[in-house]
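The values are calculated or read from the model by the stated rules, or taken from the named source; none is laboratory data. What you see is a predicted model; the values in this text were computed from it and never measured. Every residue, glycine among them, receives a Cβ derived from its backbone with ideal geometry; neighbour counts consider all protein chains shown. In case anyone asks, the SASA skips ligands and DNA or RNA and just uses the protein heavy atoms, side chains included. Shrake-Rupley method; radii C 1.70, N 1.55, O 1.52, S 1.80 Å.
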Amino acid sequence: MSLTVVGSIAFDAVETQTGRRDRLLGGSAVHFALASSFFDETRVVGPVGDDFGEDEYAALHSRGVITDDIEHVPGGKTFFWAGRYERDVNVRHTLQTDLNVFEHFQPSLSEASAAADVVFLANIQPDLQREVREQCTAARFVGMDSMNLWIDIAHESLVRTIRLVDGVILNDGELKQLTDEPNLVRAARAVLDLGPRVVVAKQGEYGSALFTRDGYFALPAYPTPDVVDPTGAGDTFAGGFMGYLAAHPDEEVDEALLRRAMAYGTVLASFNVEAFGPERMLSLSREEIAARVAELHRSTSFDDAPVALR
Ligand code: AMP
């Protein structure tokens, strides 16, 4: 089947404890697509400027990502984001955000992109997410992400978008901020009450939690000791998660499928943080993914041997 993602396509400047890079291929849609490309044909929708060249397209094509719906804006500059991480990599400071070509972006999907079976509205202005949602009339499952910026300045629009999707994948802090609930369980339930049937709370190095109307599941992060650059971990998680759903077009999106999707999201994200930008994803193999999923399975299962309690 097919998967479409709309979101930022960017150049990122990143500073972490291990070093800095001034110009990395990034953006929420790019990180997502590099991960989801392991599961299904992925089309990226979003604008770029003149500075987005052959090398960037080649990186996406090397993973089979379809770039026909990337809109080149003549004379424009690609979205730019700069961030710095503290020693505690869960703490990130945004230093600069230049919307550039995103300022006047009006998504208009090709027939092939609009026909996608699974759609992900990665982090962009919620009005734009809705415009894409409305064009994807055939989608079986639509997921979305967002960020504190839109919760702050476009709350109402964001809620309108949430009402139109099947799954919301947000950081735990963002879920709490969005719903004004200090408790994560209550926050997730408040989002479920808006309409989506799935809420995933991303918790950085602590893993992720899955909330549905009748279930709860959580996984720790895969314990990689090599965290070089966490940028895009959330989008990569979403790419693994949504990609897994897309790879099972004939299965009902039930609790069991969602749990397995959580494992793939977790594993893909753990690879992404092991190098700057998309580097690790571009060298990643299917065998490495399969081995890490098996390891995660072993390390998160246990036999409940009843004991006489007193
Ligand atoms: P994550 O680490 O998963 O939250 O995603 C980081 C990616 O999001 C980076 O590659 C940035 O280019 C992109 N990004 C940062 N801020 C924004 C924004 N305001 N709108 C869209 N994308 C953004």
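The figures follow:
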| read-out | value |
| --- | --- |
| Test set (1) within 10 Å of the ligand (Cβ to nearest atom); (2) open to solvent by less than 70 Å² (accessible area, probe 1.4 Å) - I151 fails condition number | (1) |
| All positions within segment 154-177 that are away from the ligand (no atom under 16 Å from the Cβ), assigned to a helix (DSSP H, G or I) and either touching a Ser or Thr at 6+ places or on another chain (Cβ under 7 Å) or open to solvent by 60 Å² or more (accessible area, probe 1.4 Å) (or both) | E156, R160, K176 |
| Every residue from segment 224-259 that is over 17 Å from V119 (Cα atoms) and either touching a residue at least 40 places away in the same chain (Cβ under 8 Å) or within 16 Å of the ligand (Cβ to nearest atom) (or both) | T224, D226, V227, V228, D229, P230, T231, G232, A233, E255, R259 |
| Single unsatisfied condition, T224 versus (1) at pLDDT 95 or above; (2) surrounded by fewer than 17 Cβ atoms within 10 Å (Cβ to Cβ); (3) of a type in the set (V, I, T) | (1) |
| Residue within segment 249-259 that is under 30 Å from R20 (Cα atoms), in a helix (DSSP H, G or I) and open to solvent by 10 Å² or more (accessible area, probe 1.4 Å) present | no |
| Unmet requirement for S283, which otherwise passes all of (1) closer than 18 Å to R63 by Cβ; (2) open to solvent by less than 60 Å² (accessible area, probe 1.4 Å); (3) hydroxyl-bearing (S, T, Y) | (2) |
| Residue in segment 17-24 that is of a type outside the set (A, V, I, L, M, F, W, C), within 17 Å of L121 (Cβ to Cβ) and in contact with an Asp or Glu (Cβ under 9 Å, 6 or more places away or on another chain) present | no |
| Given (1) open to solvent by 20 Å² or more (accessible area, probe 1.4 Å); (2) within 22 Å of L25 (Cα to Cα), number of the condition E295 does not satisfy | (2) |
| Filtered residues of segment 1-25 (kept if of a type in the set (V, I, T) and in contact with a helix residue (DSSP H, G or I) (Cβ under 8 Å, 6 or more places away or on another chain)) | T4, V5, V6, I9 |
| Close pairs (7 angstrom Cβ cut-off, 6 or more residues apart or separate chains): under 24 Å from S113 (Cβ atoms) and within 8 Å of the ligand (Cβ to nearest atom) in segment 1-28, in a helix (DSSP H, G or I) and among the hydroxyl-bearing types (S, T, Y) anywhere | G7/S28; S8/S28 |
| Qualifying strands (runs of 3 or more DSSP E) (wholly inside segment 43-147; at least 1 residues being open to solvent by 20 Å² or more (accessible area, probe 1.4 Å), within 16 Å of the ligand (Cβ to nearest atom) and of a type in the set (K, R)) | 79-85, 92-98 |
| Members of segment 178-221 found to be among the aromatic types (F, W, Y) and more than 16 Å from the ligand (Cβ to nearest atom), listed by number | F211, Y216, F217 |
| Filter result (in a helix (DSSP H, G or I) and free of Cβ contacts under 8 Å to residues at least 24 places away in the same chain) within segment 178-197 | T179, R186, A187, A188, R189, A190, L192 |
| Of residues in segment 178-206 being open to solvent by less than 50 Å² (accessible area, probe 1.4 Å) and β-branched (V, I, T), the one nearest to F141 (Cα to Cα) | V198 |
| Matching entry among A122, A139, A187, A116 (being in contact with a Leu (Cβ under 8 Å, 6 or more places away or on another chain) and within 18 Å of A238 (Cα to Cα)) | A116 |
